[in-house]
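Report on the following structure.
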Amino acid sequence: MNPLGQEIARFLPHRHPFLLVDRVVEFEPGKRIVAIKNVTWNEPQFTGHFPDRPIMPGVLICEAMAQAGGLLVHGSFHGGFALEQLESERVFLVLTSLDNVKFRRQVVPGDQLRLEIELKRRHRPLWKMRGVATVDGQVVAQAEFSAVEVPENESGTRPDAARPAGAGGVHPTAIVAREAHLDAGVEVGPYSVIGPHVTIGRGSRIGAHATLDGHTTLGADNRVFPYASVGSLPQDKKYRGEESRLMLGDRNQVREFASLSLGTAGGGMETVIGDDNLFMNNCHVGHDCRIGSHNVVANGAALAGHVTLGDHVTVSGLAAVAQFVRVGESAFLGGGSMVVMDVPPFCMANGDRAKLVGLNVVGLERRGCTPEQVSELKRAYRLLFQSKLLARDAVKRIRAEIASSPQALAMADFVAASERGVTRP
């Protein structure tokens with residue numbers, strides 16, 4: 001290939017005195033690059049490092065290798081350094097780590113640094129490379145380094161290309177894929193990672209170090225707290241990388257270290273969550289769950305795959321719900337409960353293996369149920385769980401005798417539809 005010479009400045013954002021690559025002499029797109037840095041007496045660092053014995057600082061040798069790595073990335077996009085293609089995809093690389101750095105000998109004015117960079121791995125927007133710097137065939141320095149790419153805007157500074165005009169603030173250290181869509185007013189905190197297939201609705205706030213990945217869609221005014229994982233890969237051995245989804249409604253809160261998984265082909269390809277839910281610290285929502293609105297999943301609680309929660313359900317701390325279990329509207333699961341069968345709506349369950357312990361009267365009153373409605377539910381509960389009737393016969397009597405109560409009918413219908421079996425007293 002032709003050496004770049006003065007055209008290097010078209011590919012790198014660095015300028016004098018910090019542009020540390022003079023020429024490119026070898027290039028294999030997506031594999032390796034060899035660049036040259038001529039070390040001269042008039043470089044400003046030698047006035048202080050050191051006046052009587054000028055030595056090129058090791059950090060600048062590492063910087064020169066990193067800049068050569070940046071050229072490797074840019075050239076790999078286009079299969080070469082065709083300047084007419086350069087504007088089609090501009091990226092701004094930020095160095096994120098240096099590992100296994102070793103310095104073998106000094107570099108002084110008059111030396112010519114040969115910078116050989118090899119691409120070890122790329123998983124955009126992350127790039128990992130290995131560099132070796134030599135002078136006259138002798139290794140002077142070597143290092144492994146990583147960089148992350150963010151797109152450039154027209155001014156050449158860090159852009160918000162992943163956000164439409166009017167969106168809220170994205171912290172400079174956050175990694176937001178260009179293909180992600182952030183609606184107006186979205187905030188992304190330090191060191192968070194937003195994947196390319198993520199859509200975040202207006203007014204949502206993403207805390208520091210949170211990760212949103214996969215085909216994940218958040219509605220408006222959601223809040224994801226630090227270290228939460230939203231849209232993580234299913235913890236399912238049958239998952240084969242299918243492009244499944246996670247859908248969240250509006251005004252949900254996902255607290256620290258909580259994890260919400262994508263769906264799988266075996267469960268309809270999506271995990272669906274409604275509005276106004278609270279997922280507390282360290283809780284887990286497995287693949288293909290169907291969760292309504294106004295639910296609380298407390299600290300350390302775990303929902304296995306294919307779990308269904310109605311609305312206004314409380315899953316207390318450290319409770320666990322087995323796969324394919326349904327939990328009905330306004331149910332309450334006590335702390336540490338192990339729930340292996342369906343829990344009817346408006347009921348409380350507790351224990352290992354959970355048993356019914358009555359109606360969730362407090363929850364019903366908080367929702368505004370009248371004493372008459374609670375009385376009708378108590379009658380339905382007695383028919384289903386405290387009489388000697390078979391379940392199908394108890395359901396028939398509720399439908400015939402308490403048909404005026406929507407809540408009683410909902411409880412009867414839930415029991416009649418159960419395939420896994422119903423939790424009993």
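The values are calculated or read from the model by the stated rules, or taken from the named source; none is laboratory data. Note that the structure is a prediction, hence the values are computed from the model and not measured. With ideal geometry, Cβ positions are generated from the backbone for all residues, glycine too; neighbour counts draw on all protein chains shown.
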Note on segment 186-208: residues more than 16 Å from GLY231 (Cα to Cα), outside any strand (DSSP E or B) and in contact with a Ser or Thr (Cβ under 8 Å, 6 or more places away or on another chain) are VAL186, PRO190, TYR191, ALA208
Scan segment 186-193 and give yes if some residue there is within 11 Å of the chain's Cα centre (by Cα) and either surrounded by 18 or more Cβ atoms within 10 Å (Cβ to Cβ) or outside the structural domain of LEU303 (by TED's automatic domain parsing) (or both), otherwise no.
yes
Take segment 351-380 and flag every residue that is crowded, with 19+ Cβ neighbours inside 10 Å, closer than 19 Å to VAL339 by Cα and out of contact with any Lys or Arg (no Cβ under 7 Å at 6 or more places or on another chain).
ALA354, ASN360
For the subset of segment 209-255 comprising residues that are among the aliphatic types (A, V, I, L, M), part of a strand (DSSP E or B) and touching a Gly at 6+ places or on another chain (Cβ under 8 Å), which member is farthest from CYS283 (Cα to Cα)?
LEU218
Sort through GLY168, GLY219 and tell me the only one that's modelled with pLDDT of 95 or more, over 27 Å from LYS120 (Cα atoms) and not assigned by TED's automatic domain parsing to the domain that holds ILE117.
GLY219
Which of the residues that make up segment 228-237 are under 10 Å from the mean Cα position of the chain (by Cα) and either surrounded by fewer than 19 Cβ atoms within 10 Å (Cβ to Cβ) or among the small types (Gly, Ala, Ser) (or both)?
ALA228, SER229, GLY231, SER232, LEU233
Would you mind stating whether ALA301 is closer than 15 Å to ARG255 by Cβ, of a type outside the set (Val, Ile, Thr) and in contact with a Cys (Cβ under 9 Å, 6 or more places away or on another chain)?
yes
Only one of VAL140, VAL224, VAL254, VAL198 is buried (at least 17 other Cβ atoms within 10 Å of the Cβ), in the same structural domain as LEU119 (by TED's automatic domain parsing) and at pLDDT 95 or above. Can you tell me which?
VAL140
Search segment 50-63 for residues being within 44 Å of the chain's Cα centre (by Cα) and part of a loop (DSSP other than H, G, I, E, B), and hand back the single one that is surrounded by the most Cβ atoms within 10 Å (Cβ to Cβ).
MET56
Here is a list of conditions, (1) surrounded by fewer than 19 Cβ atoms within 10 Å (Cβ to Cβ); (2) free of Cβ contacts under 8 Å to residues at least 60 places away in the same chain, and GLU43 meets all of them except one; can you say which number that is?
(2)
Restricting attention to segment 204-213, which residues are crowded, with 23+ Cβ neighbours inside 10 Å and touching a Leu at 6+ places or on another chain (Cβ under 9 Å)?
SER204, ILE206, LEU212
Quick one: in segment 372-419, of everything that is among the β-branched types (Val, Ile, Thr) and out of contact with any Ser or Thr (no Cβ under 9 Å at 6 or more places or on another chain), which residue is nearest to GLY358 (Cα to Cα)?
VAL374
Taking first residues from segment 115-127 that are not assigned by TED's automatic domain parsing to the domain that holds ALA68 and second residues anywhere that are surrounded by 16 or more Cβ atoms within 10 Å (Cβ to Cβ) and aliphatic (A, V, I, L, M), the pairs with Cβ under 9 Å that are 6 or more apart or on different chains are none
Quick one: which of ARG379, ARG326 is touching a residue at least 24 places away in the same chain (Cβ under 8 Å), touching a helix residue (DSSP H, G or I) at 6+ places or on another chain (Cβ under 9 Å) and not assigned by TED's automatic domain parsing to the domain that holds GLY267?
ARG379
With the condition kept exactly as written, say whether any residue in segment 66-74 is modelled with pLDDT under 85, in the same structural domain as VAL132 (by TED's automatic domain parsing), closer than 18 Å to LEU126 by Cβ and of a type outside the set (Phe, Trp, Tyr).
yes
Can you find a residue that is touching a helix residue (DSSP H, G or I) at 6+ places or on another chain (Cβ under 9 Å) and either within 26 Å of VAL296 (Cβ to Cβ) or touching a residue at least 60 places away in the same chain (Cβ under 8 Å) (or both) anywhere in segment 207-219?
no
